[in-house]
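Just so it is clear, none of the values below were taken in a lab; they were calculated from the coordinates. These numbers come from a predicted model, not from an experiment. With ideal geometry, Cβ positions are generated from the backbone for all residues, glycine too; neighbour counts draw on all protein chains shown.
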Ligand code: 4NP
């Protein structure tokens with residue numbers, strides 16, 4: 001089993017979007033029994049809350065369900081529990097490294113560094129542009145699947 005954790009600040013906009021898109025891709029590829037996907041926040045602000053309405057609406061537009069998803073905070077145990085711990089932006093990655101006390105581990109990295117964009121995922125909580133974020137999330141998830149494929153060879 002390969003375990004992937006997406007992490008952002010609130011776990012209501014970007015990381016649940018990545019979780020839902022990745023799970024959808026994994027299901028479509030018939031890999032659900034091999035790849036497990038989850039998401040978490042660096043903050044405690046939205047624990048127990050469903051994804052942001054804008055994230056729900058954008059995913060629904062593409063036929064992707066968010067049912068049952070609830071915000072949770074990153075915990076120290078997540079370091080051992082996951083194989084890929086993916087920060088949506090550079091400050092998420094810094095916070096993850098501190099919270100998990102892993103200054104330099106390669107399983108912790110910035111999502112879009114897997115793509116030619118090599119930038120932060122814009123936060124639609126502030127930009128309001130859920131479409132821009134969705135497009136980048138899809139690109140990042142496809143790149144992550146390619147990385148997983150290459151890593152297990
Ligand atoms: P996210 O976006 O990290 O992509 O979930 C945010 C959600 C909530 C807040 C900030 C960013 N907030 O300030 O509550």
Go ahead and estimate [θ] at 222 nm for the chain from helices alone: -39,500 (n - 2.57) per DSSP H run with n ≥ 4, summed, over the residue count, rounded to 500.
-13000 deg cm²/dmol
Label point 7 Å out from residue 43 along Cα-to-Cβ: which residues of segment 92-115 have amide N under 18 Å?
92-99
Could you sort the peptides 83-89, 53-59 by per-residue average Cβ neighbour count (10 Å cutoff), highest mean leading?
83-89, 53-59
Ordering 113-123, 16-26, 129-139, 63-73 by per-residue average of other C-beta atoms within 10 angstrom, highest first, gives 16-26, 129-139, 113-123, 63-73
Quick check: the distance between the Cα centres of segment 21-95 and segment 134-153, to the nearest angstrom?
15 Å
Distances longer than 20 Å among the Cα atoms of segment 2-152: what percent of all pairs is that?
42 percent
Ranked packing of 38-46, 102-110, most packed first, by mean Cβ within 10 Å
38-46, 102-110
Any idea what Rg and Dmax come out to for segment 1-65 if you just take the C-alpha atoms, in Å?
12.0, 35
Given a Förster distance of 22 Å, report the FRET efficiency between residue 32 and residue 127 from their Cβ-Cβ distance, rounded to the nearest 0.05.
0.10
Among rounded, prolate and oblate, which fits segment 80-153 when a ≥ b ≥ c are the square roots of the eigenvalues of its C-alpha gyration tensor, a/c under 1.5 means rounded, and a/b larger than b/c means prolate?
oblate
Label-to-label distance, nm, for residues given as residue 76 and residue 91 (7 Å Cα→Cβ offset)
2.6 nm
